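The values are calculated or read from the model by the stated rules, or taken from the named source; none is laboratory data. Nothing here was measured: the structure is a model prediction, and the numbers come from that model. Here the Cβ positions follow ideal geometry from the backbone for every residue, glycine too, while neighbour counts run over all protein chains shown. Please note that ligands, DNA and RNA were not included when accessible areas were found on the heavy atoms of the full protein model with its side chains. Shrake-Rupley method; radii C 1.70, N 1.55, O 1.52, S 1.80 Å.
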Amino acid sequence: MTTASTQPPVAGSQAPPKDSVEAAAIPQQSAGARTHRSRAFTRWVEETCAKDPGARTALRSGLRKDLDAVPRMHRLIAPWLPETPSPDVERAYYAVAAMIAAQPRSALRRPDHAEADPARGEGERRSGAPETGRFGASLGTTFALAVVQGPGREKEMRAGTAEARLNLLTRQSPAGLHRHLPASVSYLCSLGVDVDWAQVLDDLSHWRRHSGRISRRWLQDFYRLRAKDPLADADGQDAQELQQPQPVEEAPTG
């Protein structure tokens, strides 16, 4: 397979796909533009890994590695970087691409499903994840879904395990987060829970300056969704009890 099929489009090229034009021409100032770029990038990585084994191998080679030790990744990632990325943003792009490529091929989003999968669009989520405003589904939401949706599956995550893993991540420095995150997201993917890679990219990019805010949102999302699960079960049980016919007491005989 030629390398041309794995390269993102360049602004001004002849008749590239519509989504590719938008990804290449995104302004770099606003938060909305960054979100659009992040979603376009992670979508492209998933599609490229699904259709090009060579590119997937090159991207996977960078898992948990320093940027100076991943020469095979540069031709794929460099065209997607903002013009003047900070070291944290640059490392986040490489790390997320490597984590996506390290997932089982069956978990990757294939190009022919791009239009049929609206949950990858902005404001919509797969796996029953709730709406989260201008943010994507956080890791807290993803860990909670792994617990809520686990019963009945071949694999499941216990609530205590999810809580411990999430709390461990929130206590990490940038270097520690890059070290521990791949194992956590790999575990989530193995359970069949979808990770919002674009949101992971944004959170990694800003962890050094905003880890407190990001950690707070992860934990709040986790406990909020976990609290809804038993409450929903209780409401369902109450409704069933109300629908059941009540026994009629017999009048005492004189």
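Using a simple spin-label model with pseudo-atoms 7 Å out from Cα toward Cβ, Ala33 and Asn167 lie 4.2 nm apart. With the simple spin-label model, which puts each label point 7 Å out from Cα in the Cβ direction, the His210 to Ser190 separation comes to 3.2 nm. Fully extending the segment from Glu156 to His180, taken as 0.36 nm per residue of separation minus the present Cα-Cα distance, adds 6.6 nm. Heavy-atom accessible surface of Ser190, to the nearest 10 Å², is about 50 Å², with a 1.4 Å probe and all protein chains retained. Placing a pseudo-label 7 Å from each Cα along the Cα-to-Cβ vector at Ala69 and Lys228 gives an inter-label distance of 4.1 nm.
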